[in-house]
Amino acid sequence: MIDPDSFRQFEHSGWQKIPRQYHQAFGELTTQSIEPLLDAAAVKTGTKLVDIATGPGYVAAVAARRGARVIGVDFSATMIAEARSRNPDIEFRDGDAEQLPLGNDLFDSAVVNFGILHLGRPDQALAEACRVLRPDGRFGFTVWAKPEEAIGFGIVLSAIAKHGNQNVPLPEGPPFFRFSEPDECIRSLLTAGFQSPKVVKVAQVWQLPSVDSLFEVMKDSTVRTAGLLRAQKPEVLEQIRLAIRDESKQYQKADAIELPMPAVLASGTKP
Ligand SMILES: C[S@@+](CC[C@H](N)C(=O)[O-])C[C@H]1O[C@@H](n2cnc3c(N)ncnc32)[C@H](O)[C@@H]1O
């Protein structure tokens, strides 16, 4: 059974430890969907924007370059420190996506780039995003496409399914790929109070330096997948590592591994 508070605690302690590793592993990847996300949320010069689960502040930085007036919010103090050091001119606040430290009807736009899938209470976070938007305000979020399409996850999860134990003692969270289903995004956006929901796919490619990189970044630079990997017995983990290495070989291009990692981008408008 899902205990959202234990899951939140697990996610929080995980993110607190890895701001730098996350940046090194995912910085070139999650930034690929920023422009379509900001377009979906109608962000332009003068837009008042909140970037929820901002992490190192990537979306906030691009929005500021568009001329938006942006605040980034994250529940991890170390992520906020990373965001502030990268973007000294942008305001960042400690805060929970499920209970935003922000008043009602304040923003023209709100976005969450690859954050919703890390929450114990994602529906509450969608409702919170709606609450802080003014009427006609725009909201957008991204998540990973299903593992059959987001190949990095597909390779790792198949290797764990084949060689590992999936019933390890970790706090259970909502399904990682729940919002990879367009119908689920639409249903959830409508339930949270948005109208005119739309869902599109965004192509992204993850370039990794070697056939060993995928295993390493998933083990050292994520939270839930890393927890699953680290909970395996050493000999099982070695089998998983080798299986990931083998599968990665087919994505070798010249000097790099190139993995398709598309995103699902969902958006809606506050009535
Ligand atoms: C995958 S990272 C995404 C970071 C960034 N938005 C990007 O585009 O790469 C997920 C972020 O969500 C934050 N996060 C997870 N749960 C949260 C919560 N309940 N409230 C606020 N932030 C949360 C984590 O600290 C982490 O920075």
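For the reader, a short list of remarks on this structure follows.
- Amide proton proximity set for residue 257, modelled H, under 5 Å, gap of 5+: 208, 210
- Cα long-axis angle, helix 19-30 against the chain (0 to 90 degrees, to the nearest 10): 80
- Of the chymotrypsin sites (Phe, Trp or Tyr not before Pro) found in region 117-212, none is in coil by DSSP with at most 15 other Cβ atoms within 10 Å of its Cβ.
- Taking 54, 142, 31 in turn, the Gaussian network model of the chain (Cα-Cα springs below 10 Å) assigns the largest fluctuation to 31.
- Nearest-20 debye value, region 181-240 charge dipole, Cβ charges on Lys, Arg, Asp, Glu: 260
- The charge dipole of region 92-170, taken about its Cα centre with unit charges on the Cβ of Lys, Arg, Asp and Glu (plus for the first two, minus for the last two), comes to roughly 200 debye.
- With 5 Å bins from 0: P(r) over the chain, alpha-carbon pairs, percent: 1, 6, 13, 17, 19, 18, 12, 7, 4, 2, 0, 0
- Mean residue ellipticity at 222 nm, helices only, the chain: -13000 deg cm²/dmol; runs of at least 4 DSSP H residues each add -39,500 (n - 2.57), and the sum is divided by the number of residues.
- Antiparallel bridge percentage (DSSP; both residues within the chain; nearest 5): 50
- Positive dipole terminus of the chain, leading residue within 101, 269, 31 (C-beta point charges): 269
- Segments 180-190, 120-130 sorted - mean Cβ within 10 Å per residue, highest first: 120-130, 180-190
- Nearest 10 degrees, 0 to 90: helix 4-17 Cα axis against the chain principal axis: 80
- Each principal axis of the Cα cloud of region 49-207 was evaluated for its coordinate range; sorted largest first, these ranges are 48, 37, 31 Å.
- Degrees, to the nearest 10: 151-163 long Cα axis against longest axis of the chain: 40
- Of the cross-linked pairs 146/233; 146/253; 17/253; 44/201; 146/198; 219/249, those separated by over 29 Å at the C-alpha level are 17/253.
- Extension gain for the segment residue 166 to residue 85, taken as residue separation times 0.36 nm less the Cα-Cα distance, is 25.4 nm to one decimal.
- The chain, dipole about Cα centre (Lys/Arg Cβ +1, Asp/Glu Cβ -1), debye to the nearest 20: 340
- Relative packing of 230-240, 11-21, which averages over residues the other C-beta atoms within 10 Å, highest first: 11-21, 230-240
- With a Förster radius of 25 Å applied to the C-beta separation of residue 66 and residue 190, the computed FRET efficiency comes to 0.35.
- For the chain, with +1 on Lys and Arg beta carbons and -1 on Asp and Glu, the positive-most of 76, 92, 137 along the dipole: 137
Where a number appears in this text, it was derived from the coordinates with a stated rule and is not lab data. Predicted model, so just to flag it, every value in this text is computed and none were measured. Here the Cβ is made from the backbone with ideal geometry for all residues, glycine too, and neighbour counts use every protein chain on show.
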